[in-house]
Structures are given as structure tokens and as C-alpha cells.
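Notes to accompany the following structure.
The values are calculated or read from the model by the stated rules, or taken from the named source; none is laboratory data. Please read these numbers as outputs of a predicted model, since none were measured by experiment. When we count neighbours, we look across all protein chains shown, and the Cβ atoms used for this are built from the backbone with ideal geometry, even at glycine.
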Amino acid sequence: MKKLSIKLYIIFYCTMIGLVTGCITPYEPEVEWINDLLVVEGAIIAPYGTNIKLRRANDGWSSSYDPDKAMATVTLITDDGAVVATAQNSSTGEYSITDSIAFQPGKKYAIHILLGGKEYQSDFVEPQITPEIDEVNYQYKEQEEVNIRVSTHNDNPDASRYYRWSYQEDWEIVSDYFAQYTWSYETGIRKMNQFSPDNIHYCWGSKTSNRIILGKSDNLSENRIKDHTILSLEPFNSRFSYLYSILVKQQTLDKKAYEYFDNMRKNVEQTGGIFAPQPTEIKGNITCLSDPKEIIIGYIYATTELSYRLYIKAEEVPGMGEIFDCREKKTFIEGELDKAYGQGMAILSEGDKAGIYICISRRCVDCTARGGSKNKPDFWPNNHQ
């Protein structure tokens with residue numbers, strides 16, 4: 001166990017013989033971190049998507065992959081003792097159930113972990129059935145923001161009223177101009193083909209949500225979520241260069257799972273505050289069967305997951321894309337191209353004489369300079385390469 005000394009300075013005022021002087025008194029509380037905590041992340045998702053991550057937490061917050069996690073055995077079990085499936089491990093401490101699973105009525109499910117000679121197990125939980133997403137739309141505030149919003153409802157009076165969302169963003173970046181040539185120290189000048197896979201005119205970016213996004217309808221007359229904002233995007237954003245896509249995934253939680261993740265969400269938002277609760281203070285549902293006193297961070301729940309994809313074209317949200325000044329152009333001879341690239345420029349085209357090249361800001365002709373890559377999503381709805 002590691003003790004962290006935090007020094008606080010409490011300022012108060014002392015009055016003496018009519019003089020006011022500022023007094024600073026150091027206060028040093030001791031905060032105890034528990035190192036090498038096992039962190040279990042994931043959920044039991046039917047029919048596909050069960051993925052369990054094992055980590056070790058240090059200094060109360062940071063977590064990292066521990067090579068020993070690759071030696072764990074992770075199984076999905078039911079409350080009648082049956083083993084439903086065994087997860088396949090990877091080299092990064094992630095365990096996935098690749099087989100299709102179906103929740104059986106009346107049964108509860110748990111994750112069992114055998115690691116380092118110890119047994120760990122989550123509480124048995126009743127699966128939640130997730131309703132369809134009614135709609136994913138966007139609210140556009142001109143040149144201010146784009147809000148991604150989700151709507152859903154459940155007419156079953158016995159259904160849970162607690163929800164969780166995650167998302168995967170993908171977007172296409174298209175350069176303002178097509179570069180007829182490119183240059184590097186290794187290859188020198190190379191002619192580019194706009195329709196070849198190695199062009200730098202078309203790129204793609206992607207990002208997966210890393211926030212805890214929750215919603216509930218327990219205080220409403222209907223089990224209905226309407227236009228709940230899950231993501232706000234600011235202007236001058238590469239996402240709106242050409243075409244943007246977001247895949248929203250929805251899960252239903254039981255009340256205990258919702259409360260756990262809501263506490264974790266608040267905890268993350270308060271990170272940096274000296275009186276914010278540590279993760280060990282937020283009670284999860286995973287126990288070490290071999291040593292009940294051991295503290296484990298994490299909560300395993302069971303649910304189904306549904307998704308909805310939305311596309312937004314750049315022209316639908318004018319003023320939200322990145323703005324570059326692509327008017328300035330400079331002329332360089334071939335022997336000075338290293339200087340041009342050193343100034344953040346790139347070749348746009350040949351000049352009017354041999355060995356002369358017109359250069360422009362690299363961001364205007366090279367989509368990789370705007371954070372893009374050539375990793376085109378498999379589902380992307382055009383033939384750009």
C-alpha cells in the first residue's frame with residue numbers, strides 16, 4: 001500500500017495589535033492508494049459482443065496491461081452451474097466470446113475468472129433486453145456546434161428504464177486540391193495518381209467513445225428517451241470535411257448497474273479534486289472467491305445491444321468544417337523542395353518551366369497532414385481510395 005502526501009495550504013488572517021497579517025499553514029493529509037488492483041471491464045452481451053478486459057490499477061487511477069492477464073481463464077456461467085462459453089484471450093488482456101449466445105428465460109449470468117491461482121466471479125445478474133433505437137439525429141447550431149442525439153422507448157411496463165450508449169465515429173477527409181506530385185528525402189519527386197490507393201487526396205479518421213454516457217426515464221410517465229444528446233462537436237472540425245458517420249450503440253442496464261456507472265461517471269468528472277472518491281470506494285459486483293477481502297474494481301452486467309448509423313454531409317452543416325487559407329502559393333526549384341517542405345508546404349503542380357514547382361500549404365493537398373489515414377472503413381458508401 002502506497003501513501004500519498006498531499007500538501008494543502010489553508011490561508012487565514014491573524015489580527016494582532018491592529019495589524020492584519022496573512023498566515024499560511026500547511027496541512028498534509030495522507031491518502032492511501034492500493035496498488036496492483038485488479039480491474040475488470042466489460043459486459044455480457046448477446047448474441048455477440050461479450051468482451052472482458054483485465055487490467056492492473058496503480059496509484060489509485062492509472063491502469064495498464066499486465067502480461068499475466070494473458071494467462072487467465074474467463075468463462076460465462078449461469079446460476080444453475082452451467083458453463084455457457086469460454087472466452088478467447090488476446091495478447092493485450094482482452095477476452096472475447098466469439099460464439100453466439102442466447103439468454104435463457106429465468107436464468108442469471110456471471111463471469112468467472114481464474115487468474116494466478118485465484119478465482120474471481122461477478123454477481124449473477126438478470127439480462128436486460130434493449131429496445132430498438134427510434135432515431136439518431138443531429139441538431140445544427142450554425143457555426144457553433146453539432147449535437148448528436150438519440151431517441152428510444154420501451155412499451156413493456158416491466159422493462160428497465162436505464163440506458164447506456166457508446167459510439168464509433170468515422171469520417172472522410174478530402175484535400176482542397178489534388179497534389180499532382182509529392183516529395184520526400186527518400187524518394188525525391190514522385191508523380192501522384194488521384195485514383196490509386198496511395199494518393200493523399202482521400203483519407204479517413206475514426207474515434208471510439210471513451211466516456212460513460214447514460215440516460216434514464218425513471219422519473220417520467222413513459223419509458224421514453226427523446227433527443228438525448230450523447231456528443232457535441234465544435235466547429236472547424238476535420239470530421240465535417242466531406243462525409244461524417246457515427247454508429248450509436250445502445251444498451252439497457254438494470255438499476256444497480258446504472259448507479260455504479262453513474263458514480264464512475266461523476267468520479268471521472270471530478271478527477272483532480274482532492275476529495276473525489278477513489279475507485280475503490282465505488283462498490284462493484286466482482287468478488288475474489290479465494291480471498292473475499294481483496295478489492296476488485298469493476299462491474300459486469302448482462303444485456304443485448306442494438307445500433308443505429310447516421311451520416312452527415314459537410315454541406316448539411318456549413319461552417320463546421322476546418323478552414324485553411326489555400327490562396328498563398330510559392331514557386332520553388334527542384335533543389336529547394338526540402339526548404340518548401342520544411343516550411344510546411346507541399347507540391348501542388350508543375351510550374352511553367354521544367355524543374356519549377358508550385359507549392360502550397362501541405363494541409364491543402366495532403367489529407368494525412370489533417371490527421372487522416374488511408375484506413376478506409378469497410379462500410380464506407382463511396383468508391384474513393
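A few remarks follow.
- Top-ranked residue of the stretch 99-140 - restricted to ones that are of a type in the set (Val, Ile, Thr) and not in a loop (DSSP other than H, G, I, E, B), ranked as nearest to the chain's Cα centre (by Cα): Val136
- Enumeration of residues in the stretch 105-128 that are loosely packed, with under 14 Cβ neighbours inside 10 Å and either without any contact (Cβ under 8 Å) to a residue 40 or more places away in the chain or not assigned by TED's automatic domain parsing to the domain that holds Lys293 (or both): Pro105, Gly106
- Gly215 meets each of the listed conditions (1) farther than 13 Å from Ser160 by Cα; (2) in the same structural domain as His153 (by TED's automatic domain parsing); (3) under 21 Å from the mean Cα position of the chain (by Cα) apart from (1).
- Residue count for the stretch 357-376 satisfying the condition of being in a strand (DSSP E or B) and surrounded by 14 or more Cβ atoms within 10 Å (Cβ to Cβ): 5.
- If you go through the stretch 328-356 and keep only what is surrounded by fewer than 13 Cβ atoms within 10 Å (Cβ to Cβ), small (Gly, Ala, Ser) and more than 33 Å from the chain's Cα centre (by Cα), you end up with Gly335, Gly342, Ala354, Gly355.
- For the stretch 142-196, a residue qualifies if it is among the aromatic types (Phe, Trp, Tyr) and either under 29 Å from Glu334 (Cα atoms) or exposed (fewer than 14 other Cβ atoms within 10 Å of the Cβ) (or both), and the qualifying residues are Tyr177, Phe178, Tyr181, Trp183, Tyr185, Phe195.
- Hey, Ile295 β-branched (Val, Ile, Thr), out of contact with any His (no Cβ under 9 Å at 6 or more places or on another chain) and at pLDDT 95 or above or not: no
- Residue check for Thr280: of a type in the set (Ser, Thr, Tyr), more than 22 Å from the chain's Cα centre (by Cα) and either assigned to a loop (DSSP other than H, G, I, E, B) or modelled with pLDDT under 95 (or both): yes
- Subset of the stretch 337-356 that is small (Gly, Ala, Ser) and either assigned to a helix (DSSP H, G or I) or without any contact (Cβ under 8 Å) to a residue 40 or more places away in the chain (or both) - its residue that is nearest to Phe324 (Cα to Cα): Gly344
- Identity of the residue in the stretch 216-270, among the polar types (S, T, N, Q) and under 24 Å from Gly298 (Cα atoms), that ends up surrounded by the fewest Cβ atoms within 10 Å (Cβ to Cβ): Gln270
- Of the residues Phe379, Phe332, the single one that is farther than 30 Å from Ile111 by Cβ, modelled with pLDDT of 95 or more, part of a loop (DSSP other than H, G, I, E, B) and outside the structural domain of Ala110 (by TED's automatic domain parsing) is Phe379.
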